[in-house]
Each structure stands twice: as C-alpha cells, then as structure tokens.
Amino acid sequence: MTLPESKEWLLDEENELRIEIDFDTKVKLRLVTGTAEVFGTELGQNVDYEFSGRKIAVFTWHGCKILITGTCSVEYIANETPMLSYLNTHIALEQRRVLATQNNKAGPRIMIVGPNDVGKTSLSKMLLSYALRQSRQPIYVDLDCSEGSITMPGCLTATPLTEMIDVEEGFGSSATSAPTAGSAVMPLAYYYGFPSPKDNSKLYSLLLARLAQSVNRRLEEDEAARTSGIVIDTNGLIDATGYEIIAQCIKAFSVDVIIVLGHERLYADMTRLHQKSGVAVIKLAKSGGVVERDTAFRRQTQNQKIREYFYGTSKSELAPYSTMINFHDIEILRVGEGSLAPSSALPIGEDRKVSETHVVNVEPSENLLHSVLAVSNADKRVEPDILETNLAGFIYVSEIHDARKKLTVLSPCPGRIPKKFWWLGSLKWAED
Ligand code: ADP
C-alpha cells in the first residue's frame with residue numbers, strides 16, 4: 001500500500017492557502033507552526049483535520065506552515081484577499097455590540113446579500129466566528145433554502161451559537177436530529193421544501209415571518225444573544241422577488257446592517273432603497289477564492305449532508321435506526337400542489353396564492369422510496385398553523401411494503417417515531 005503524499009506549504013502573513021478536495025478523496029490538513037484559521041475558526045497546532053468534497057481557504061494573519069496529506073484537485077497560495085476588510089467590518093460590528101451591552105440595547109442585525117457563489121455563507125461563518133471568539137453569542141439565521149448550512153436543504157433555520165463553528169463539520173449536519181445528537185441548543189427549523197424562494201413565494205414569506213417572530217422572541221429573552229445580534233445568510237436571488245424578500249427580511253428582523261457582497265448594482269439599489277430608513281449599507285469585495293459550484297457539485301454536497309445527518313461524520317459517527325411504520329399511523333403532507341395548475345383550473349373563489357399554501361395529503365406509494373421527509377412537531381392538523389410548526393427532524397424512506405401497507409424508515413433516534421405528520425418536499429437520496 002502506498003502512503004498518501006504529503007506536502008508542506010509555507011504561508012507569509014495575510015496569505016491564504018486555497019484547496020479543493022473531491023468527494024471521493026480524503027485530505028488531512030495540519031497546522032505545523034504559526035497560526036491559521038478556516039472561515040474564522042482557529043486551527044489547533046498539530047491537530048489533523050480531515051476534509052472530503054470541500055473547497056476551503058486556510059488564512060493566516062501572521063504566517064504559518066501547513067502540512068497537507070492526500071491529493072487536492074486544486075491547491076495554491078493567494079496573497080491578495082479581502083480578509084482585512086472583513087476583519088474591519090467585524091471590528092465595526094463589535095463596537096456596536098459594546099454599545100449595545102453598555103446601554104442594554106440590541107446588537108447589530110446583519111443581513112448578507114449578493115448573487116450565488118460570492119462567499120455569503122463563508123462571510124457569515126467568519127463574522128459569527130469572530131464574534132464567538134470575543135465571547136459573543138450571536139444567532140445565525142439561514143434563509144438559503146437551497147443549501148441547508150444548519151440542517152437539510154429546503155429549510156429556513158435559526159440557531160443560537162454558543163460554541164465555535166467546527167472546522168470540519170461547519171454548523172453541524174445533525175443538529176436537528178434530536179437532543180440525543182448531542183447538540184446543546186436545538187436549531188429552529190421550518191420546512192419549506194423547495195430549492196428556490198420563487199418556487200412558492202407565498203409559503204416562503206409566511207415561514208420567513210414565522211422564523212423572525214421566533215428569533216425576535218428569543219432575542220427578547222436572551223440578553224447575551226440580544227447584545228450579540230444576528231447574522232442572516234440569504235439565498236442568491238437578486239431579481240424583483242429577491243428584492244421583495246430582502247425588504248420583508250429587513251422589516252421582520254429589524255435589520256440595521258446590510259452587507260452587499262460582490263455586486264455593484266445591488267449595492268447601489270440597497271443604498272437607494274434602505275439607507276434612508278437608517279440601515280447601514282456596506283459594500284465588500286468578493287474573495288478571488290470563492291468557487292462557483294455547478295449543479296453536480298451542489299447535488300453531491302446535498303447527498304453528503306443527508307448522509308451525515310443519518311450516519312454522522314468520520315469524527316463523530318452515528319448509527320441510524322431502521323423502523324417499520326404502518327401507513328395508517330402517519331399522514332404524509334405536501335404544500336401547494338395546486339400552485340402548478342393554471343388559475344382557470346382552480347376552484348371558483350380560490351386564487352393561486354391560496355393554493356400555494358394549501359396542504360394536501362400524499363398517499364404512501366413506491367414513489368416515496370428514497371425520499372427524505374421532514375417530521376413536523378405538530379400534534380394536530382390545523383391549517384395554516386401546521387405550516388408554521390417547527391420540525392422535530394428528518395427521516396429517510398428506505399423501503400416500501402405496498403402489500404403490507406407499511407414502510408421502513410431510517411431515523412437518527414431509536415424507537416417509534418412519535419410524530420404523525422411528515423412533510424414531503426423534493427429531496428431524494430439514494431443511500432450508497
Ligand atoms: P455563497 O454563499 O455566496 O453561495 P459560499 O460562501 O458558499 O458562497 O462559497 C462558495 C464556495 O466557495 C464554497 O464551497 C466555499 O467553501 C468556497 N470558498 C469561499 N471562499 C473561499 C476562499 N477564499 N478560498 C477557497 N474557497 C472558498
């Protein structure tokens with residue numbers, strides 16, 4: 001057996017090592033000397049960090065030596081980065097937090113906007129990590145339903161952060177599985193079920209309002225979170241629908257800082273539309289390291305996320321439980337079935353908007369095989385409340401026994417699945 005190749009990299013101060021690792025490869029990264037960080041989280045010296053299917057930057061403020069073991073598909077050092085401007089932004093935000101603490105007011109409520117693949121999620125992680133490094137406890141709000149940084153794709157989520165973001169696992173893929181997953185604080189997740197806010201804008205806006213309500217309540221009760229503020233990561237929609245969502249978000253979360261990443265026109269529009277109402281609009285450059293992700297890469301990331309939700313990572317493995325469920329013990333629901341029908345085909349008096357939040361039953365059948373369903377915390381089916389009920393977690397349909405009217409599901413928790421209502425979206429996963 002040949003040992004994987006190792007390579008040492010010497011980075012000068014304010015340099016960044018950018019690496020890309022394929023999904024079928026594992027690469028180990030070790031900080032040998034000096035200091036370095038990955039999207040704001042400091043690396044420990046002589047600790048091996050393992051990555052697969054990732055594109056990352058290892059940045060150093062003061063210089064360092066990095067050892068990479070394994071084969072990266074891309075690896076190079078960049079000496080031009082926007083990191084100083086990102087740090088200065090953090091310092092300005094921290095000043096707001098200091099003032100908020102002194103005056104018992106709310107800390108900054110930051111929203112990061114820009115097109116797809118400009119580094120919004122990476123900047124969110126950095127700003128949150130820098131705040132955590134100063135013992136702040138900010139709330140991370142993820143409105144990017146295509147990605148699912150905190151849980152699964154298709155959700156709108158918020159999570160109060162108290163511990164550093166993990167270098168290898170990010171925000172943690174199994175955080176909503178159940179308290180057994182070891183997460184100190186359960187993130188709040190609402191199920192949307194589509195990849196783009198445009199797919200069902202009425203439902204998206206309903207859930208955004210609900211999430212904001214819950215976050216605002218949390219901020220009222222939790223002083224550390226209130227003074228630390230929130231960071232909102234958005235989807236990359238910057239057309240008319242995107243602008244409407246941004247405006248709704250500003251109002252709902254009382255956003256007072258908008259960071260526009262890598263888009264001049266969006267910056268000009270945000271300044272024109274929102275600065276007069278007291279919102280600070282900041283323009284930051286996109287890092288040259290941000291990588292455009294094609295559909296295949298996004299799909300693979302999604303698969304990796306689902307896999308990690310049930311099986312954990314190599315660092316913290318989970319063993320999912322297989323359970324057989326009777327069709328009649330559950331109700332599988334789906335939203336907005338009628339939204340695809342032309343308006344003329346809708347019942348008289350019911351417009352398209354209503355049908356967009358209409359809840360319909362789905363009969364269990366072979367079609368459900370390999371679907372990932374979201375388990376609602378609702379005990380009763382009351383509309384529209386059930387749409388706005390948060391999630392208990394997710395299950396995966398591994399077998400359908402049509403004749404016996406049963407299905408087998410994988411879940412991260414043992415025993416019977418205590419909840420009756422399961423949401424079906426567009427998420428499928430072929431377990432490998
Ligand atoms: P957005 O949220 O705007 O879609 P992301 O922050 O998710 O963009 O970045 C897109 C991809 O580029 C991600 O895979 C991320 O890990 C990667 N990336 C971001 N910044 C860098 C960088 N400086 N060097 C290398 N890869 C990066």
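The values are calculated or read from the model by the stated rules, or taken from the named source; none is laboratory data. What you see is a predicted model; the values in this text were computed from it and never measured. Glycine also receives a Cβ, built like all others from the backbone with ideal geometry; neighbour counts cover every protein chain displayed.
Residues that are more than 7 Å from the ligand (Cβ to nearest atom) and over 15 Å from the mean Cα position of the chain (by Cα) within segment 107-126 comprise G107, P108, R109, I110, P115, listed in sequence order.
State whether the residues of segment 273-285 include one that is closer than 18 Å to V113 by Cα and in contact with a Gly (Cβ under 8 Å, 6 or more places away or on another chain). The answer is yes, given that some residue of segment 273-285 is closer than 18 Å to V113 by Cα and in contact with a Gly (Cβ under 8 Å, 6 or more places away or on another chain).
Does M111 qualify as being within 18 Å of S85 (Cβ to Cβ) and assigned to a helix (DSSP H, G or I)? No.
Selection of segment 224-237 for residues being at pLDDT 95 or above and not small (G, A, S) yields R226, T227, I230, V231, I232, D233, T234. Annotation: of all residues in segment 42-62 being within 15 Å of E14 (Cα to Cα) and assigned to a strand (DSSP E or B), the one that is farthest from the ligand (Cβ to nearest atom) is E42.
Figure legend. Inter-residue proximity from segment 281-309: first residues over 13 Å from S122 (Cβ atoms) and away from the ligand (no atom under 11 Å from the Cβ), second residues assigned to a loop (DSSP other than H, G, I, E, B) and hydroxyl-bearing (S, T, Y), beta-carbon distance below 7 Å, spacing 6+ or different chains. Indicated pairs: K305/S173; E308/S173; E308/S174; Y309/S173; Y309/S174; Y309/S177. Just one of (1) at pLDDT below 95; (2) within 16 Å of the ligand (Cβ to nearest atom); (3) among the β-branched types (V, I, T); (4) out of contact with any strand residue (DSSP E or B) (no Cβ under 9 Å at 6 or more places or on another chain) fails for T241. It is (2).
Screening segment 361-420 for strands (runs of 3 or more DSSP E) wholly inside it with 1 or more residues that are under 17 Å from A189 (Cα atoms) and among the hydrophobic types (A, V, I, L, M, F, W, C) returns the ranges 371-376, 391-401.
Residues in segment 133-147 that are away from the ligand (no atom under 12 Å from the Cβ) and in contact (Cβ under 8 Å) with a residue 40 or more places away in the chain: R133, Q134, R136, Q137, P138, I139, Y140, V141, C145. State yes or no: is L84 of a type outside the set (S, T, N, Q), in a helix (DSSP H, G or I) and out of contact with any Asp or Glu (no Cβ under 8 Å at 6 or more places or on another chain)? Taking the combined requirement at face value, the residue does not satisfy it. Would you check if V185 is at pLDDT 95 or above and part of a loop (DSSP other than H, G, I, E, B)? For V185, the condition - at pLDDT 95 or above and part of a loop (DSSP other than H, G, I, E, B) - is not met. Taken as a whole, segment 323-332 holds at least one residue that is of a type in the set (S, T, N, Q), out of contact with any Pro (no Cβ under 6 Å at 6 or more places or on another chain) and modelled with pLDDT of 90 or more. Among the residues of segment 105-122, those that are in contact with an Asp or Glu (Cβ under 9 Å, 6 or more places away or on another chain) and either free of Cβ contacts under 8 Å to residues at least 60 places away in the same chain or farther than 24 Å from A224 by Cα (or both) comprise N116, D117, K120. Scanning segment 21-41 for residues that are out of contact with any Cys (no Cβ under 7 Å at 6 or more places or on another chain), more than 16 Å from the ligand (Cβ to nearest atom) and in a loop (DSSP other than H, G, I, E, B) turns up D24, K26.
The selection criterion, being modelled with pLDDT of 90 or more and of a type in the set (V, I, T), does not hold for T313. Evaluate the following for K315: is it basic (K, R) and without any contact (Cβ under 8 Å) to a residue 12 or more places away in the chain? No: the conditions fail for K315.
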